[in-house]
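The numbers here are math on the coordinates, done by the rules we state, and not lab data. Here the structure is a predicted model, which means the values were calculated and not measured. Heads up, the Cβs are rebuilt from the backbone with ideal geometry, glycines too, and the neighbour counts pull from every protein chain shown.
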Amino acid sequence: MDNTIIVAIVAVVAILIGILLGKVIFAKNTRKQIEEAEQQAKKITEDAQVHADTLKEKKILEAKEKFLQLKSEHEKEVSQRNHKLSESENRIKQQQQSLNDKTGVLQKQISENDLLRQNLDRQLEVVNVKRTELERHQEEHIKRLEKVASLSAEQAKAELMEAIKEEARTQALSYVKDIMEEAKVNATKEAKKIIIQTIQRTGAEQTIENAITVFNLESDEVKGQIIGREGRNIRALEAATGVDLIIDDTPEAIVLSCFDPLRREVARLSLQRLVQDGRIHPARIEEVVEKTKKQLEEQIMEIGERTIIELGVHGLHKDLVRMVGKMRFRSSYGQNLLMHSKETANLCGIMASELGLGQKVVKLAKRAGLLHDIGKVPDEETELSHALLGAKLAEKCGEHAAIVNAIGAHHDEMEMTYIISPIVQACDAISGARPGARREMMQSYLQRIKDLESLAMAYNGVEKAYAIQAGRELRVIVEAEKVSDGDSDKLSFEIADKIQKEMQYPGQIKVTVIRELRAVNIAR
């Protein structure tokens, strides 16, 4: 037991000794590490001090350079500002000097204006005094006159107005008398104008649609024969005549459409023969169309001969007779050309007779009126206008030089050298321009309406212009402040005269100028 305790004590002592020895060794090692750490820290501190000193010197140098640069820029900016300030001061001094000069001038003018105003005030006082005296003297003078004349001012004014009215009435009667005498002198001329205007207003046939012809059938069963198997018959007929056949649901009717009336007539007659015969096939169609064309040529000659006999025109060349007959199958703006030529011929004869030009000239005028549009029915197309082409054809057929000139000059494409030339031109215009004679193209109609309104708007003081009644009347609305009642009459006459000189139109155009003055005030 005692050994065990001793061993235990020895063991404890050994442990304690070991712990003490460990602490001693650890303390020595720790002291050594501390010394090494202190040396390293001292070395790092010295290195940091050296680096800090170097960096400090570098930053100081950079700061000095930056300071010098900023100082230089500041001095430069200060010098520029000083320069600008000096310039501004100079300008301000100059402006101040100029203002001082102007102020002196204004003060001088103000003083002069004050003197003028004082003078004007004195003169106005003098004028007012004189006006008062003048009014007093005028009243006294009127009272003396009323006392001497035994009349009041109103009575004297009424008598003066009556005297002026009587004088104006006398002058008006004298003026009317002069007009009546002048009218008697020009009675013959005015009578001829009335006759021409009467001819112009003469009613004749109206224009109709002339682009189609309706061919009536006995029954709709014939339509199938006309069309043929797979449409060969209708194609052959259209190719032979140059006319479009329109076969639709319209009962017992076929429409023939073509702008050439002569070809349309050939198609109508050929179709009529084919339907009556009942044999409708391509070979038969060509045969019938050829026969119809020959028959139509004979019919054309008959129409021409009948026309010249009707008008009493003799000795016309055969080619011209044929052209007159062809006019039956031509139209111009919807007006049948033969009817137009016959109408023109009759008008030419009447006008030449009314002008007292003699029987020979009357016959020449009538002949020229009939032939004036033969250039519209030539056998061959040319580049010439119908007037020049007609003159060439008439000359070729041996017509009189006066007739050739009238035909070529009726549209001013040749110089008029004979008396019948203006007669033919006038009668052609009368026949073509009378109401209902022709269909007017929509584009030309709208352009004429626009030109009418533009012509009126070109005058000073015109506010609005309207062409109404299909261009037969022009209503012009003017500004009351710019155009007086007297100016309205003058403006209406000037517009009508300008329309007559510069525009072409059928019939006549009425120009109405409307002036309205409105005075408007508002009570507040």
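Taking neighbour Cβ counts within 10 Å as the exposure measure, how do 397, 348 sort from fewest upward? Provide the component values of the computation, followed by the final result.
Numbers: 397 17, 348 30.
So the ranking, lowest neighbour count to highest, is 397, 348.
In whole Hz, what ³J(HN,Hα) sequence does region 309-316 give by Karplus (6.51, -1.76, 1.60; θ = phi - 60°), x for Gly and Pro?
Per residue, the Karplus-derived 3J(HN,Hα) values read 5, 4, 8, x, 9, 10, x, 7 Hz.
Gain in length, residue 79 to residue 57, computed as 0.36 nm per residue apart minus the alpha-carbon separation, to one decimal in nm?
Values: separation 22, 0.36 × 22 = 7.92 nm, distance 3.29 nm.
Gain on extension, residue 79 to residue 57, equals 4.6 nm.
Under the Kirkwood approximation applied to all pairs of distinct alpha-carbon atoms, what is the hydrodynamic radius of region 312-439 in Å? Don't skip to the end; give the middle numbers.
On the way: mean 1/r = 0.0702 Å⁻¹.
Taking every pair of different Cα atoms in region 312-439, averaging 1/r and inverting gives 14.2 Å.
When 423, 15, 522 are ordered from fewest to most other Cβ atoms inside 10 Å of their Cβ, what list results?
Least crowded to most crowded, the residues run 522, 15, 423.
Add +1 for every Lys or Arg and -1 for every Asp or Glu among the other residues with Cβ under 14 Å from the Cβ of residue 361, and state the total.
Numbers: positive: 360, 363, 366, 367; negative: 354.
Neighbourhood net charge equals +3.
With +1 assigned to the C-beta of every Lys and Arg and -1 to the C-beta of every Asp and Glu, and no other charges, what is the dipole magnitude of the chain about the Cα centre in debye, to the nearest 20? Intermediate values should be presented prior to the final figure.
Details: 79 positive and 84 negative charges, 202 e Å.
Using only the charged Cβ atoms, the result is roughly 960 debye.
Report, please, the projected area of region 443-516 averaged over directions, based on the convex hull of its C-alpha atoms, in nm². Walk me through the intermediate numbers first.
Details: hull surface 17.9 nm².
So the mean shadow area of the Cα hull is 4.5 nm².
Could you calculate the contour length gain from residue 86 to residue 302, that is, 0.36 nm times the residue separation minus the distance between their Cα atoms, to one decimal place in nm?
On the way: separation 216, 0.36 × 216 = 77.76 nm, distance 11.43 nm.
Contour length minus Cα-Cα distance gives 66.3 nm.
Just tell me which aspartates and glutamates come within less than 19 Å, Cα to Cα, of residue 59; anything on the same chain fewer than 8 places away is out.
Reachable aspartates and glutamates: 47.
Once you have the Cα-Cα distance between residue 294 and residue 480, take 0.36 nm times their residue separation minus that, and quote the gain in nm to one decimal.
Here the answer is 59.8 nm.
Using a Förster radius of 51 Å, what is the FRET efficiency between residue 400 and residue 502 based on their Cβ-Cβ separation? Nearest 0.05, please. Mind dumping the intermediate values first?
Working: r = 35 Å, r/R0 = 0.68.
After rounding to 0.05, the efficiency reads 0.90.
Let me check I have the definition right: for the chain, take the eigenvalues of the Cα gyration tensor, multiply each by 5, take square roots. What are those semi-axes in whole Å, largest first? Mind dumping the intermediate values first?
Numbers: eigenvalues 2409, 934, 141 Å².
Value: 110, 68, 27 Å, ordered largest first.
Rounded to the nearest 20 debye, what is the charge dipole size of region 443-516 about its Cα centre when +1 sits on each Lys and Arg Cβ and -1 on each Asp and Glu Cβ? Write down the numbers at each step before the final one.
Values: 11 positive and 13 negative charges, 72 e Å.
About 340 debye.
Could you check the simple spin-label distance between residue 40 and residue 96, using points 7 Å along Cα→Cβ, in nm with one decimal?
For the pair residue 40/residue 96, the computed spacing is 7.9 nm.
Hey, can you grab everything whose amide H is under 5 Å from the amide H of residue 331? Only 5+ residues off in sequence or another chain; H modelled, so Pro and N-termini drop out.
Amide H neighbours of residue 331, under 5 Å, 5+ apart: 337.
Taking 30 Å as R0, compute the FRET efficiency from the Cβ-Cβ separation of residue 518 and residue 135 and round it to 0.05.
Values: r = 37 Å, r/R0 = 1.25.
E between residue 518 and residue 135, to the nearest 0.05, is 0.20.
On a straight-distance basis, which lysines could pair with residue 76 in a cross-link, Cα separation under 23 angstrom, same-chain partners fewer than 8 positions away excluded?
Excluding near neighbours in sequence, the set is 64, 66, 84.
Nearest 10 degrees is fine. How inclined is helix 232-241 to the longest principal axis of the chain, computing both from alpha carbons?
70 degrees
Which entries in 291/392; 318/392; 326/396; 376/450 show an alpha-carbon gap greater than 22 Å? Each step should come with its number before you reach the end.
Details: 291/392 32 Å; 318/392 16 Å; 326/396 18 Å; 376/450 30 Å.
Pairs exceeding 22 Å: 291/392; 376/450.
Let's test the formula: R0 of 56 Å, r as the Cβ-Cβ distance of residue 20 and residue 72. What FRET efficiency results, to the nearest 0.05? Each step should come with its number before you reach the end.
Details: r = 77 Å, r/R0 = 1.37.
The value I calculate is 0.15.
Using the Cα centre of region 312-439 as the reference point, and only Cβ charges (+1 on K/R, -1 on D/E), how large is the resulting charge dipole? Debye, rounded to the nearest 20.
Values: 16 positive and 14 negative charges, 123 e Å.
The calculation lands at about 600 debye.
Count the net charge of all other residues whose Cβ sits under 13 Å from the Cβ of residue 42, scoring Lys and Arg as +1 and Asp and Glu as -1. Please report the intermediate quantities before stating the final value.
On the way: positive: 43; negative: 35, 36, 38, 46, 47.
Value of the local net charge: -4.
Go ahead and collect, in residue order, the members of region 77-102 whose backbone nitrogen is under 13 Å from a label point 7 Å along the Cα-Cβ direction of residue 110.
Correct set: 102.
What is the helix-to-structure angle for 485-502, meaning the angle in degrees between its Cα long axis and the longest Cα principal axis of the chain, kept from 0 to 90 and rounded to the nearest 10?
That helix lies at roughly 70 degrees to the long axis.
So who's got an amide H within less than 5 Å of the one on residue 513, skipping anything under 5 residues away but keeping other chains? H placed 1.01 Å off N, in plane.
476
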